Every structure is written in structure tokens, then in C-alpha cells.
Amino acid sequence: MYPVITASVPLLEPPQWAIAQRELFQLLDHAWRRFERDFTGPDGRLNYGDGLTSRDGVDDFYETFFNWPQLYLLGGADDLLAASERHWAGVTDQLTELGMLDDDYERGYDWFHQGESLLLFYFLCMAAPDRWAERALRFAELYVDPVHGNYDPEHRIIRRPHNGSDAQREGLFDGKSYPWLPQEAQLYGFPLEWLLPPGSGEPDRELDPRLGEEMRRRTGVGDTAVNLAASGLVLNALLLSGNERYRSWISQYVGAWRERAAGNGGVIPDNVSPDGVVGGLLEGRWYGGHYGWSWPHGWYSVGQAAMIAALAAVAATNDESYLDLVRPALDEVIRRGKTMAFTEADSSLRSRWTVQLGDDVGTPTLHVPFRYDDRGWFDYNPMLMAVPTALWHHSAAVADRERIEGLRSASGHDWRIVRPFRAKEEAGHEEPWLAFLAGDNPAYPEQILAAAQAQVRHRLARMERYRRDEVAEADIHLWQQSNPVVTEALVQLTWGGPQVIYNGGLQQARVRYYDAQTRRPGLPPSVAALVSSIEPEATIVDLVNLDPEEARSVVVQAGAFAEHSIRSVHYTVCEDSSWLGDLYDYGHGQPAVTSQLIQGDGPWLGVELPASTSVRLTLRLDLRDQPPSYRTPFGMNPAPPER
């Protein structure tokens with residue numbers, strides 16, 4: 001059981017953020033149904049008649065729907081969960097027919113892409129754990145049980161960069177050379193660049209040692225740092241089952257990488273040979289592994305994988321020192337930063353920053369290096385804030401907050417500006433959100449909700465343009481680029497958390513909600529929520545019931561996985577009804593709002609919201625003192641929604 005309070009502050013002038021939030025829910029409900037109608041078939045698969053000619057592509061199918069069950073968890077339509085499950089099943093059948101999956105799982109590919117594929121699956125597990133547990137445990141066993149050929153317990157490595165359900169899938173490509181497109185070569189360069197003598201001409205693609213047999217031999221076996229994202233898959237199984245074998249695997253595997261980082265001056269290396277030696281196949285280089293520091297994305301891939309693993313290990317073991325898998329490398333790239341205009345940088349991610357910086361592309365600001373090779377540090381970009389934000393959100397540590405403040409001080413652009421763009425990760429607005437939490441960006445809720453509206457409406461227009469087109473293999477990103485579901489604003493404002501780390505993370509949230517009347521996750525209809533502080537001693541949540549007739553019942557949960565405890569709650573009350581005035585008064589008075597205090601002893605708090613009422617909760621939380629899991633406040637998992 002959990003304590004229950006009743007809201008009593010009358011809602012006379014609904015705040016604009018609350019109205020805008022409910023309008024966004026309404027627009028999103030229209031938008032996903034429109035996408036479903038125009039781009040998918042009755043069984044949930046995407047409308048696609050072409051084939052897939054390489055190992056790439058699985059992620060592009062699943063990513064299309066990655067945040068649909070996340071929207072359900074936030075409070076989206078009752079039938080959205082069933083729709084999300086249908087699309088996962090349809091796409092899984094589709095990809096199996098295309099030869100990409102075996103027993104519902106990717107045959108073998110890198111974890112930069114596998115992590116993207118699995119976000120949809122993780123949110124389905126979060127929304128309906130009973131229905132997805134068997135499959136989740138089966139997937140995790142592909143890595144935990146060495147019999148499947150992925151994990152070497154002696155050396156504590158994942159045996160190869162391309163891994164999954166097909167133990168016979170070897171190397172990194174099926175032909176004579178890695179299918180590296182000219183545009184990709186221009187953006188990211190080549191792996192194993194040092195194999196060509198200085199000044200040598202460009203070899204024929206199939207004879208190029210950087211893309212052929214030398215790449216297969218040197219980078220197609222052994223472990224790579226991006227494989228750390230597999231810890232998210234195993235953590236998902238642990239949350240579902242509590243089985244110690246999953247806790248032990250995370251501790252062993254992530255612990256091995258933490259030791260390698262410590263042996264490299266704190267900076268995580270990116271490659272381990274089959275015998276467990278860092279740089280064993282790269283002539284001693286700690287860099288140069290597949291999807292590692294040198295190629296193609298550097299910190300963008302390594303940092304996210306390390307953050308996913310560190311959070312998984314802390315959740316599994318309650319040992320905060322695993323965060324040191326991330327902090328030294330993060331601090332090193334910041335230390336190597338330079339102030340310049342983005343137009344002067346050697347960034348390989350130009351399309352991202354052009355829209356994210358907008359008018360500030362020419363403004364001098366801090367740039368940090370994302371990549372490292374024999375030349376030293378290069379590929380300078382503004383700091384992607386996903387990792388430092390996730391780190392501080394988890395730890396609430398002074399040093400992690402000060403790092404963010406230092407990044408803001410070094411930025412030449414105004415963190416309060418909100419631009420209506422949608423990056424691949426459906427994220428990128430961490431800076432103005434952090435400024436809001438710092439107390440100096442009060443207009444942020446209305447601005448980010450307006451930006452979200454713009455994103456949805458832009459996507460709806462794009463859908464209208466392309467909905468009749470036949471999709472060729474070269475254009476399968478069309479679905480992701482047209483997916484009109486946007487959740488970043490709702491995650492930040494209602495859950496008090498950053499958007500999920502895109503390459504395989506599990507959701508972070510300071511609070512979540514359940515509809516106590518329907519016993520399902522998410523905000524009830526007509527209810528809006530705003531988290532304006534996420535400090536443990538003062539996590540502040542406003543709840544508003546906009547319905548003029550119907551009462552609503554909300555359960556507030558501390559943490560994404562009920563991992564925090566609510567120790568006390570100050571909440572606003574209005575016990576004096578004199579604000580109503582007399583019968584013949586032409587106006588109303590100002591409600592007299594005071595506060596009351598109750599004690600809590602667990603992760604849940606019930607809030608009764610009569611029609612047209614609001615309440616402000618100031619929660620005192622003990623962070624991470626509960627075992628994280630998918631348990632609910634109802635003692636069971638929610639019943640499946642009606643279709």
C-alpha cells in the first residue's frame with residue numbers, strides 16, 4: 001500500500017503548459033494513427049517490397065516505432081500499446097523473411113545498431129513485462145550463456161564485433177570488402193588508415209587492406225567498446241526476473257572494461273583481441289576498433305555504450321564506482337576542447353549541428369574532439385549532452401553538476417534557446433531543459449511543447465508527400481524521417497528525465513505515473529504534469545486535472561523502475577472556500593494556498609485529483625535505495641488494453 005493525498009487547490013486559470021501538454025497528446029494520437037494507415041499493413045509490417053543486400057537495415061525497421069510504446073507509458077492512447085506490439089511482431093516477421101533475423105533476434109551486427117533496434121523492445125518490456133519476459137530472457141541468454149558463442153567467460157569478452165543469434169556469422173562483411181560508400185568514406189575516412197603508407201594512392205576498393213582481409217582479420221574478431229551496450233539487454237532481463245546470473249554477468253563484463261580503462265589512464269580503450277589483450281591485433285593501439293575511437297563516430301558511439309554499461313552495472317550491483325567507466329574519458333575530451341565556430345570545425349556530423357545550432361553555427365563555442373587515431377585528437381564538435389546529462393541525472397553528484405555548469409559557461413551560444421528540430425535520437429534539447437531546471441529558463445515548458453508541435457506537424461506534412469511512394473532499399477530511412485511521434489518534451493516535463501540514450505539505453509526518470517482507475521501506466525486523460533526540480537531533497541511536481549467534471553486518480557512512482565523511495569511530501573492545499581465569494585459577487589477571490597506534510601516509505605504516492613484541481617508536490621527522495629524492477633503499484637502488471 002502507499003499513502004494517498006487529495007488535491008484541493010482550485011484550478012481557475014489553467015497554466016498554458018498544461019493546456020499545451022494535453023494538446024500535444026491529442027495531436028500525437030492523430031499522428032501515429034495516420035502513420036499506421038499510410039505506411040504499414042494490417043499485420044503491422046512496413047509497406048516494403050524490396051530486399052536487403054547487406055547486414056545493415058534491421059535497426060531502420062524497428063527504429064521507426066521506437067518511441068510508440070514510450071508514448072503509451074507517458075499517457076498515450078489505450079490502444080497504442082497493442083499497436084506497438086503488432087508492429088514489432090509484423091516487422092520481426094518481415095525481417096525474418098528478409099534473412100536478417102534468427103529466432104526473432106538479429107543474426108549478427110554491431111551494437112551501435114543493435115542498440116537502436118532494441119529500444120522498441122525495451123519499451124514494450126517496460127509497458128507489458130508479463131507478455132515480454134520470456135522473449136527478453138531468451139535474448140539475454142544469447143550473451144550470458146557461452147553456449148551461444150557470443151561470450152568468452154575466461155577473458156570476459158564478447159567474442160566479435162558482429163554478434164547475435166547466428167554463431168556462424170563471422171567477420172564484418174560477407175563479400176570481399178566492407179561495403180563502405182564513397183559518401184561515408186568522405187565523412188568518416190577509413191578504418192585502419194595506418195595500413196596505407198603515407199602518400200600512397202587510393203587502392204581499388206576490393207583490394208584496399210583497410211576494407212578487406214586486413215579489416216576482417218584485425219577488427220572482425222575480439223571485443224569492441226560499443227559491445228558494452230549489450231549490458232542493457234541483460235539489465236532488462238534482470239529487471240524482469242531478478243535472476244542473479246544476469247547481475248553476475250553485468251558485473252563481470254562491465255567490470256572487465258572498467259579494469260581496461262583504469263589500465264589506460266582512465267580512458268576506456270575500444271578494442272580487445274581474442275586473447276583478452278587491449279590492442280592485441282592493432283599493434284598495441286588502444287584505439288582503432290570497430291565503431292571505436294578512430295572510426296567512424298568515436299565518442300558518439302563509445303561514450304553512449306560506456307554510459308549504458310555504467311548505468312546497468314550500478315543498477316545491478318549498487319556500486320557507484322562503475323560510473324568511472326565514463327567520467328575520465330568524458331573529462332579528457334572536454335580537456336582537449338577548443339573554442340571555435342562550428343563553421344571552422346572538422347566535424348563529421350555537419351547535418352546534425354547545422355540544425356541544432358541554427359543561427360549560432362558561426363558563433364565561437366566550445367568544441368570537443370570525438371575521435372582519436374595516430375594523428376591525435378580530431379573531429380571537433382560541440383559537446384553532445386546526452387552522456388553528461390544522463391550521468392548527472394543518475395548521480396545528482398556535485399561534480400557532475402559542476403561539469404555541466406562548466407560546459408554551459410564555455411558555450412558561446414545561449415542554452416535557453418529552443419529550436420524546433422528532431423534529431424535522429426529524438427533528443428538534443430538537453431541544454432534548454434537543464435537551464436530550466438537551473439531556474440533561469442522559465443518559459444521552457446511552453447517553448448518545448450510548441451517545438452514538439454512543430455516537429456509533429458512537419459512530419460505529418462512529410463508523410464503526406466511520401467505516403468504513396470514505393471520505398472527502395474536505399475531509402476529505408478524514410479520511415480524514421482517520417483515517424484511523427486515525438487516524446488522528448490513529454491519525457492523531460494512529465495518524468496523529469498532525459499530522453500533515453502539512443503543506442504541501447506534504458507529509460508531514466510525521476511518520477512513516472514500510473515492511472516489508478518484503469519491500472520495502466522501513464523498520465524490519465526486530462527491530467528498534465530510538470531517536473532520543475534529533480535534534486536533529491538526537492539523533486540517538485542505539479543499535477544493539474546483539466547477536466548471540469550471528472551475526477552482522476554494518479555499514482556506517482558519515484559524512478560523509472562521504482563528504484564527510489566519517497567520519504568516525505570509537502571503538498572499544496574486550499575482548505576478555505578471563501579475564495580468562491582457570495583452568490584451575488586461578480587468575481588472570485590484568490591484561493592488561500594498553504595501546505596501540508598506527510599511521510600512516505602516507498603516508491604509510490606497516490607494523488608486524487610477532483611475535477612478542476614491542481615496540486616504541487618515537493619518530494620524528498622532517497623535515490624536508488626529500492627531494487628529496480630518492472631513491478632507496479634498494483635502488485636501485478638497492468639491488464640492488456642482493449643483493441
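The values are calculated or read from the model by the stated rules, or taken from the named source; none is laboratory data. None of the values given here were measured: they were computed from a predicted structure. Neighbour counts run over all protein chains shown; Cβ positions are idealised from the backbone, glycine included.
General observations
- Test: residue in the stretch 88-96 that is small (Gly, Ala, Ser) and surrounded by fewer than 22 Cβ atoms within 10 Å (Cβ to Cβ): yes
- Condition met for GLY504 (under 14 Å from LEU74 (Cα atoms) and buried (at least 19 other Cβ atoms within 10 Å of the Cβ)): no
- Here the stretch 165-197 is the region considered, the condition is being among the aliphatic types (A, V, I, L, M) and in a loop (DSSP other than H, G, I, E, B), and the residue that is surrounded by the most Cβ atoms within 10 Å (Cβ to Cβ) is LEU172.
- Residue selected from the stretch 517-553 under the condition of a type in the set (Asp, Glu) and either closer than 12 Å to LEU619 by Cα or touching a strand residue (DSSP E or B) at 6+ places or on another chain (Cβ under 7 Å) (or both), by the criterion surrounded by the fewest Cβ atoms within 10 Å (Cβ to Cβ): GLU537
- Restricting attention to the stretch 123-143, the residues that are crowded, with 24+ Cβ neighbours inside 10 Å and more than 19 Å from TYR62 (Cβ to Cβ) total 0.
- Verdict on ARG169 being farther than 25 Å from SER251 by Cβ, touching a His at 6+ places or on another chain (Cβ under 9 Å) and among the basic types (Lys, Arg): yes
- Verdict on ARG467 being at pLDDT 95 or above, surrounded by fewer than 20 Cβ atoms within 10 Å (Cβ to Cβ) and at positive phi: no
- Scanning the stretch 536-568 for residues that are closer than 19 Å to PRO445 by Cβ and not aliphatic (A, V, I, L, M) turns up THR539, ASP542, ASN545.
The rows are residues; the columns are (1) outside the structural domain of PRO498 (by the TED database); (2) assigned to a loop (DSSP other than H, G, I, E, B); (3) surrounded by fewer than 17 Cβ atoms within 10 Å (Cβ to Cβ); (4) among the basic types (Lys, Arg).
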position	(1), (2), (3), (4)
PHE370	no, no, no, no
ALA390	no, no, no, no
GLU405	no, no, yes, no
GLU431	no, no, no, no
PRO442	no, yes, yes, no
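- Test: residue in the stretch 10-21 that is touching a Cys at 6+ places or on another chain (Cβ under 8 Å), surrounded by fewer than 21 Cβ atoms within 10 Å (Cβ to Cβ) and in contact (Cβ under 8 Å) with a residue 40 or more places away in the chain: yes
- Boolean, ALA18 is more than 30 Å from VAL573 (Cβ to Cβ), among the small types (Gly, Ala, Ser) and part of a helix (DSSP H, G or I): no
- Taking the stretch 114-135 as the range and being touching a Pro at 6+ places or on another chain (Cβ under 8 Å) and touching a residue at least 60 places away in the same chain (Cβ under 8 Å) as the test, the residues that pass are PHE123, MET126, ALA127, ALA128, ARG131.
- Of the numbered criteria (1) assigned by the TED database to the domain that holds HIS87; (2) more than 30 Å from TRP299 (Cα to Cα); (3) not hydrophobic (A, V, I, L, M, F, W, C), the one GLU537 fails is (1).
- Residues of the stretch 533-579 satisfying the condition of being of a type in the set (Phe, Trp, Tyr) and part of a loop (DSSP other than H, G, I, E, B): PHE561
- Within the stretch 269-280, none of the residues are in the same structural domain as TRP299 (by the TED database), within 23 Å of the chain's Cα centre (by Cα), within 30 Å of SER321 (Cα to Cα) and in a helix (DSSP H, G or I).
- Matching residues in the stretch 236-262 - criterion: being part of a helix (DSSP H, G or I), touching a residue at least 40 places away in the same chain (Cβ under 8 Å) and over 27 Å from GLY292 (Cα atoms): LEU238, LEU239, LEU240, SER241, ARG245
- In the stretch 372-388, the residues that are buried (at least 17 other Cβ atoms within 10 Å of the Cβ), in a strand (DSSP E or B) and out of contact with any Asp or Glu (no Cβ under 8 Å at 6 or more places or on another chain): TYR372, TRP377, ASN381
- Condition check for ALA399: small (Gly, Ala, Ser), assigned by the TED database to the domain that holds GLY439 and crowded, with 22+ Cβ neighbours inside 10 Å: no
- Residue within the stretch 124-146 that is over 30 Å from SER348 (Cα atoms), over 28 Å from the mean Cα position of the chain (by Cα) and of a type outside the set (S, T, N, Q) present: yes
- Counting the residues of the stretch 342-352 that are at pLDDT 95 or above and assigned to a helix (DSSP H, G or I) gives 3.
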